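The structure appears below as C-alpha cells.
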Amino acid sequence: MPDRIWWPRPDASGQYVLIDRVQTPKRWLKAVYLLRTPLITQIDDGAVPPDGPASGNFTSSISCITVVIEMLRHLAPAPGDKVLEIGTGTGYNTALLARRTGPGTVTSLEIDRTIADQARQRLHAMGVRARVLTADGEQGDPTGAPFDRIVCTASVRRIPPAWLRQLRPGGVLVAPLDSPAGHDITVRMTGTGPGAAAGRPVATVEFMRLRGQRTARPHTDLGWPADIDAQRWRDYEVHADQHGQRILLRRNRSES
Ligand SMILES: C[S@@+](CC[C@H](N)C(=O)[O-])C[C@H]1O[C@@H](n2cnc3c(N)ncnc32)[C@H](O)[C@@H]1O
C-alpha cells in the first residue's frame, strides 16, 4: 500500500482527503484494512501530487478487497498457471496472484510509468517474483503468450482482440465490461479457440476505464442489443472474437 492515499468520498468542501501513513498512522491502517472501500492512489493521471486534499478524476486505486477477492475467485488460477494481469496499480493483486501461481508466473502490465516503477519496487522489496512491465495493457504481452489466465483490473468497453489471441483455449479471462445497465459487469470468459472467447457476467462492479477506452461509444456499436433488461444482467452471454463482441440474452431453460 502506498504511504499516501485519498479517501474516495469527498468531504464537505468537495475534496478528497489525503490519508498519510506517517502523519496519521492509525487512520491509514484502518483505511487499508477496510474490505469494502477502494482507496485512491492517483488523480488525473498523476497531475495532482499526493500532498494534500484534492479533487479530479480517479485514475488509479487499490480496488475494494472484496471485489479483488471475488474476481480472483472467478479467475481461479492454479499453481503453475501463466497469468497476465492488466492494471498493476499498487501491485496488491499482482502479489496475491503470484502467491497462488508461483514465482515467475505472473506478468502484470501498467500503462503509467511512475505507478509501474513503484509497484515493481514494492513487489521486489516483498520478495514477490512477478514481471511488471510499463506497457499499454490493451496489447497484452505477445512474447509471454499463451496465458492460462488473463485478468484486468480496469474496465473495458470492448474486450481487446489481443487478449483473445493470447488466451489459451480453455483458459479463463476475467474483466469488468461497461454495460448499458448503468454499471460495469465482471465477465468470466473461457477461450474457445484461436482468438475467441465466450462467457457470462458474474457480478456488477464499478471500475475506472482502461486509458484507451475512456471515450464513450454507443453500446449498440459494441455488440449490445438495443434494449437490455438491466434487472436481468446475469442472463446475458458474451461472445468475443477478432471481429468484435456480441452480448445476447440467453435463452432460458424452458426455451432451449
Ligand atoms: C483500479 S487500478 C488497478 C488496481 C490494482 N490491480 C491493485 O491491486 O492495486 C487500474 C490501473 O489500470 C491502469 N491502466 C489504465 N489503463 C491501462 C492500460 N491501457 N494498460 C495498463 N494499465 C492501465 C491504471 O493506471 C491503474 O493503475
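Here is how the numbers come out for the structure above:
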| item | result |
| --- | --- |
| Ala31 away from the ligand (no atom under 11 Å from the Cβ), in contact with a strand residue (DSSP E or B) (Cβ under 9 Å, 6 or more places away or on another chain), of a type outside the set (Lys, Arg) and under 22 Å from Arg168 (Cβ atoms) | no |
| For Gly144: the one exception among (1) touching an Asp or Glu at 6+ places or on another chain (Cβ under 9 Å); (2) surrounded by fewer than 20 Cβ atoms within 10 Å (Cβ to Cβ); (3) at pLDDT 95 or above | (1) |
| Residue among Val22, Val48, Val17 that is away from the ligand (no atom under 13 Å from the Cβ) and in contact with a Gly (Cβ under 8 Å, 6 or more places away or on another chain) | Val48 |
| Subset of segment 179-207 that is among the charged types (D, E, K, R) and open to solvent by 10 Å² or more (accessible area, probe 1.4 Å) - its residue that is modelled with the lowest pLDDT | Glu206 |
| Segment 16-54, residues that are in a loop (DSSP other than H, G, I, E, B) and within 23 Å of the chain's Cα centre (by Cα) | Tyr33, Leu34, Leu35, Arg36, Thr37, Pro38, Ala47, Val48, Pro50 |
| Residues within segment 66-78 that are open to solvent by 20 Å² or more (accessible area, probe 1.4 Å) and either touching a helix residue (DSSP H, G or I) at 6+ places or on another chain (Cβ under 6 Å) or within 12 Å of the ligand (Cβ to nearest atom) (or both), tallied | 3 |
| Criterion (within 15 Å of Cys64 (Cα to Cα), modelled with pLDDT of 95 or more and surrounded by 12 or more Cβ atoms within 10 Å (Cβ to Cβ)) met by exactly one of Ile5, Ile43, Ile19 | Ile5 |
| Residue within segment 212-226 that is β-branched (Val, Ile, Thr), open to solvent by less than 50 Å² (accessible area, probe 1.4 Å) and either under 19 Å from the mean Cα position of the chain (by Cα) or more than 21 Å from Val83 (Cα to Cα) (or both) present | no |
| Residue pairs meeting the criteria (Cβ under 6 Å; at least 6 apart or on separate chains; first among the polar types (S, T, N, Q), in segment 210-229; second loosely packed, with under 11 Cβ neighbours inside 10 Å) | Thr220/Ala226 |
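The values are calculated or read from the model by the stated rules, or taken from the named source; none is laboratory data. Note that the coordinates shown come from a computational prediction; the quantities given were computed from them, not determined experimentally. Cβ coordinates were reconstructed from backbone atoms using ideal geometry, including for glycine residues, and neighbour counts include every protein chain displayed. Areas reflect the complete protein model, heavy atoms only, side chains present, ligands, DNA and RNA absent. Shrake-Rupley method; radii C 1.70, N 1.55, O 1.52, S 1.80 Å.
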